Amino acid sequence: MVTSHVITWEVTESQGYETSWIELRGTTLLARGRAVGTVPNPHWISYELETGDHYVTRELRVHAATATGSHELHLRHDGHGRWTADGEPLPEVEGALDCDLALCPLTNTMPVRRHGLHLAPGERTFLMAWVSVPDLTVHASPQTYTHLRRTEHGGRVRFASGDYRSDVEFDADGLVIDYPGLARRLSWSAGRPRP
């Protein structure tokens, strides 16, 4: 079964907006998105994200444009924990299953859906291939997700990385509704599920 979503978030951290076109197919996710922000400096971002089974990142393609130029990144994961950026190995993120695009609420979906943390008790710590914006450099980022409680629309999950904490509200599909300090959903539409 395939479900399609179009979501727009106000990205408070970048003082901008993001829209994602998302398809959930079984345990895979396909998405493309566009974002504009003014912090840390004015920038445009476009991305394409594809996962394999169990929402494990397969590839992320990102284009960033600023007043001083543009950057592109092609981040690939081989399905066995090894990563490359534009064809160059990234040993510092070896073992990670997920990418995390900075300022992008969508990339919180993969680990949460994989482990059902928006719907049931649990806590998981992950190593992420974190991509900074707008320079698109890749860094290792340990992150912990902890289920806090079910809500009317899905669940609340605590995100923690270093000293940073935020209690994020997800819908029943594991898509961010409200991420205090980062983003909140402005609009949402879902297509009909299809086989």
Per-residue accessible area for LEU103 at 1.4 Å probe radius, Å² rounded to 10? 30
Note to self: with every protein chain in place and a 1.4 Å probe, the chain gives an accessible area per residue in Å² of 48
With a 1.4 Å probe and every protein chain kept in, tell me what percent of the accessible surface of the chain is carbon plus sulfur. 51
Could you tell me which label, among [x] -0.44, -0.69, -0.99, -1.07; [y] -0.30, -0.54, -1.02, -1.17; [z] -0.35, -0.64, -1.13, -1.26, carries the value of log10 I(q)/I(0) by the Debye sum over Cα atoms at q = 0.09, 0.12, 0.16, 0.17 Å⁻¹ calculated for this structure? [y]
At 0.36 nm per residue, and after removing the present C-alpha to C-alpha distance, how many nm does the segment from GLU13 to THR27 gain when stretched out fully? 2.1 nm
Provide the percentage of antiparallel DSSP beta bridges, counting only those with both residues in the chain; round to the nearest 5. 95
Given R₀ = 41 Å, FRET efficiency for GLU152-VAL36 by Cβ-Cβ distance, to 0.05? 0.85
Inter-part gap, Cα centre of the range 74-133 to Cα centre of the range 1-53, in whole angstrom, is 15
In nm, to one decimal, how far is the SER132 label point from the SER46 one, both placed 7 Å along Cα→Cβ? 2.5
Scoring only Lys, Arg, Asp and Glu (+1, +1, -1, -1) among other residues with Cβ under 12 Å from the Cβ of HIS115 yields +1
Label points 7 Å out from Cα along the Cβ direction at ALA172 and ALA140: separation in nm? 4.0
What does the helix-only formula give at 222 nm for the chain: each DSSP H stretch with n ≥ 4 adding -39500 (n - 2.57), the total divided by the residues, and the result rounded to the nearest 500 deg cm²/dmol? -1000 deg cm²/dmol
With an 8 Å Cα cut-off and a minimum separation of 6 or more residues, compute the relative contact order for the chain in percent. 20
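The values are calculated or read from the model by the stated rules, or taken from the named source; none is laboratory data. Please read these numbers as outputs of a predicted model, since none were measured by experiment. FYI the Cβ positions are ideal-geometry reconstructions off the backbone, even for glycines, and counts take in every protein chain you see. For accessibility, only protein heavy atoms count, side chains too; no ligands or nucleic acids. Shrake-Rupley method; radii C 1.70, N 1.55, O 1.52, S 1.80 Å.
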